[in-house]
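So the structure is just underneath, and the comments pick up after that.
The values are calculated or read from the model by the stated rules, or taken from the named source; none is laboratory data. Only a predicted model underlies this, so the values are computations on that prediction, with no experimental measurement involved. Heads up, the Cβs are rebuilt from the backbone with ideal geometry, glycines too, and the neighbour counts pull from every protein chain shown. The accessibility values were calculated without ligands, DNA or RNA, using every heavy atom of the protein model including side chains. Shrake-Rupley method; radii C 1.70, N 1.55, O 1.52, S 1.80 Å.
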Amino acid sequence: MINETIFQIRQNPLMYQYLKYHSYWYKILLRDKTMLRQMINEMKEEYKMTTKDKIESIGKKVHMIRSLLEVFG
């Protein structure tokens with residue numbers, strides 16, 4: 001891995017944590033630094049940080065608030 005890639009990983013605590021549990025990515029990134037984008041996408045899917053996950057989370061919160069308002073209303 002080149003220094004830029006290492007620096008980028010160390011600056012992001014979630015990415016660093018993901019690498020601790022998925023160490024096979026070290027081997028992949030050593031061979032091809034362009035795979036960093038794919039690793040980030042996998043990390044976002046696992047930690048539920050994708051746009052789809054965020055929209056679902058907002059939908060669940062709105063549903064919960066609506067249910068609370070029905071109970072108290």
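In the range 41-73, how many residues are of a type in the set (Val, Ile, Thr) and touching a helix residue (DSSP H, G or I) at 6+ places or on another chain (Cβ under 7 Å)? Residues flagged as of a type in the set (Val, Ile, Thr) and touching a helix residue (DSSP H, G or I) at 6+ places or on another chain (Cβ under 7 Å) within the range 41-73 amount to 1. Suppose the filter is open to solvent by less than 100 Å² (accessible area, probe 1.4 Å), of a type outside the set (Phe, Trp, Tyr) and part of a loop (DSSP other than H, G, I, E, B); does Met43 pass it? In short, no. Taking the condition under 23 Å from Ile9 (Cβ atoms) and open to solvent by less than 100 Å² (accessible area, probe 1.4 Å), does Ile65 pass? So Ile65 fails the test. From Leu30, Leu14, Leu19, which residue is in a helix (DSSP H, G or I) and open to solvent by less than 60 Å² (accessible area, probe 1.4 Å)? None of the other options fit; the residue is Leu19.
Run down Ile55, Ile65, Ile9 and say which single residue is part of a helix (DSSP H, G or I) and touching a Leu at 6+ places or on another chain (Cβ under 9 Å). Within the list Ile55, Ile65, Ile9, the selection yields Ile9.
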